[in-house]
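In what follows, a single structure is set out as structure tokens and then discussed.
Derivation of every value follows stated rules applied to the coordinates shown; laboratory data play no part. Quantities reported herein were computed from a predicted structural model and do not represent experimental measurements. Note that each Cβ is placed from the backbone with ideal geometry, even for glycine, and that neighbours are counted across all protein chains shown.
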Amino acid sequence: MLSLLTFPVKNEPRSCGYLLLPDRRLYFTLKKKTSAMLVTVSPCTLPIEWSLAARTLKDKPLKNLQWITKKSTPEVWWRGPGTEEKIHSFTGDTADTYNGPPHPHASVYILRLRSKQQTSRATVFLHEGPGPLGIFPLMPADPQVHTLGVGMTSVTLSWAPSASITSLPKAKNGYDYCVLINSLQNYPSLCAAKERKQREKDQNQGKKEKKRQATPWPILKEWWWEQWDSYLETPSLPSSLGEDFNDLQCVCQGTENVCTVSELLPDTSYYFDVFVIDKVNRTSAAYKGAFARTHEEARAAVVPLREGELRWVSFQDSGSNSQQFFSFRPRGWKQSGLLTLQSCGGGEKIKVTVSSKGQVLNSQGVGTNLIHIWLQGSPSYLIHFQQGGTTTSQVTSLTDAAQLESLKASVKMQVSSAFHRRGVPSLPSTLQIKSFNRLRGCNSVTLAWMGTEERSLYCVYRRKLSSFDEEAGGASALNAPCLGPESRSDTERVLCKYFQELNPRRAVTTAVIGGLEPGMAYVFDVYLMRRWGIPIKYVSKMVKTRKEC
């Protein structure tokens, strides 16, 4: 492939822009009395071979000769008789410059470029006269990009400033730094980075084209707009000098030699490249890129839960956004389970989120009322508790305030596999305990409460109140729902009985509590004991026996 490198402007460097390889030949001539020349070849991505030769021709072509061939004038001239002498050659993937005097008898100079591996690109610049080329930005003695800090979602970079930027006043500065980021590799030049981006764009365009061709009868309107868009997006020819910087997506751009790249993904590798851009000559120079991997997210410890385990989830810092994680693996081929939760203390807002394989299954607040979460269809579950904010609550008994202090900002939790269950167990329609005044005696009282249609065990506990607790309305002191049977003394247990009624409206059971003292106040608690979940505590009931019978 043959081309001619022309020079339309006097005393300016000449460029052929981007050259498509693997094989390319360029011809140029120098002005008379030129004392020196500089030829710079900058490969894009792949290594290339290039050589510069001077050809001396015996006769020059006639200007008024009518050519009957489609070949260009330089090509016909090159085929004429003459001698050729190689001046310079280079092989590699870095920019290389020839600086020397012109050949005394050269009629035309031939620049040959070749890529052995595959089609690639290269940029060629020519400068006539002594002195440096002057169109490439200057690089510092240390061209390495350094990482000042690496975080979970950000990386801070620094590099030695370019003399092209520091030597000129800001008002006349035509240079900029451009920081590019990718997840594949560092690029030796800005051309390589742009070529990679263009290749990805072409691949995406090819996928869209295949998808369109797969449609047997595309809609005429869609076809028309696709043809129109492709016409509008036809790439323009490269300029006569330098690169096109309009489509660069720099994460940092300007004259500062420090850059913080943010909004990155945790635990991810990134490659950072820094380029100095000459906006006037439209050239660039590349620093040695840097590599960094962002830190992974801080993961809280996940505590595995045992089958049927009753656990207290406590938060040490009141009002803070602390969180805890637990995991549970249900037994059985159904992979189902029942999670029972109840907030203790009532002074904190606690939220529970149940997820499996990254998908949220249930998320709700945990209050003083007992809640059930049905687990089904997954081999394991992640239970996440998060604390935040406070709610107003009052404790009216100084005696039980000390007991409830240890329960502040905590959740009572129990989880178990449900081998034979098909859903959440039923709850009583009300948790109120009723006492009958007519059946109240000096040594006994009669209590009644609602049950369920499932056969369950109900246990009754009593506690005698002192005169101080009685005056303070001591029943409210024991309304803390987390004070379960395990926190009560065996001497306080009065009786335990099984009860079941298939009709929920008639599920009422009674118990006569004897052995009481006349004229004394007692607090009675009823607990619904079940095979699965936390025992359900009814609202405490204070009853005073008669003094005289």
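Packing, as the average of other Cβ atoms within 10 Å across residues, places the peptides 111-121, 360-370 in the order 111-121, 360-370, highest first.
For the peptides 36-45, 149-158, 504-513, 485-494, the ranking by packing is 36-45, 149-158, 504-513, 485-494, with the highest mean count of neighbouring Cβ atoms within 10 Å listed first.
The label point for Ser35 and the one for Asn443, both projected 7 Å from the Cα toward the Cβ, are 13.2 nm apart.
In summary, the convex hull built on the alpha carbon positions of region 256-370 has an orientation-averaged projected area of 13.4 nm².
Taking K and R as +1 and D and E as -1, what net charge do the other residues with C-beta under 13 Å from the C-beta of Pro535 add up to? Spell out each step's value before the answer.
Values: positive: Lys412, Arg488, Arg493, Arg530, Arg531, Lys537; negative: Glu486, Asp525.
The answer is +4.
Full extension of the chain between Cys496 and Gln203 gives 98.0 nm of extra length, using 0.36 nm per residue less the Cα-Cα distance. The ratio of the alpha-carbon radius of gyration of region 100-145 to the globular-protein estimate 2.2 N^0.38 Å is 1.68.
Taking 7 Å steps out from each Cα toward its Cβ at Arg311 and Thr97 produces label points 6.8 nm apart. Taking amide H atoms as placed 1.01 Å from N in the peptide plane, the amide H of Tyr458 lies under 5 Å from those of Lys497, Tyr498, Phe499, Met529, each 5 or more residues away in sequence or on another chain.
Distance from the C-alpha centroid of region 180-203 to that of region 257-297: 13 Å, rounded to the whole angstrom. In this label model, Gln144 and Val280 are separated by 3.3 nm, measuring between points 7 Å along each Cα→Cβ vector. FRET efficiency for the Gln253 to Ser327 pair, using the beta carbon distance and R₀ = 41 Å, is estimated at 0.30.
Strictly over 18 Å apart at the Cα level, which of Lys412/Lys541; Lys349/Lys541; Lys334/Lys537; Lys497/Lys537 would you flag in this model? Where the Cα-Cα span goes over 18 Å, the pairs concerned are Lys412/Lys541; Lys349/Lys541; Lys334/Lys537.
Computed from the Cβ-Cβ distance with R0 of 51 Å, the FRET efficiency linking Ser167 to Ser363 stands at 0.25.
The Cβ shell under 14 Å around Glu486 holds other residues with a net charge of +1, Lys and Arg each +1, Asp and Glu each -1.
Summing charges over neighbours of Leu305, with a neighbour being any other residue whose Cβ is under 11 Å away from its Cβ, gives +1 when K and R count +1 and D and E count -1.
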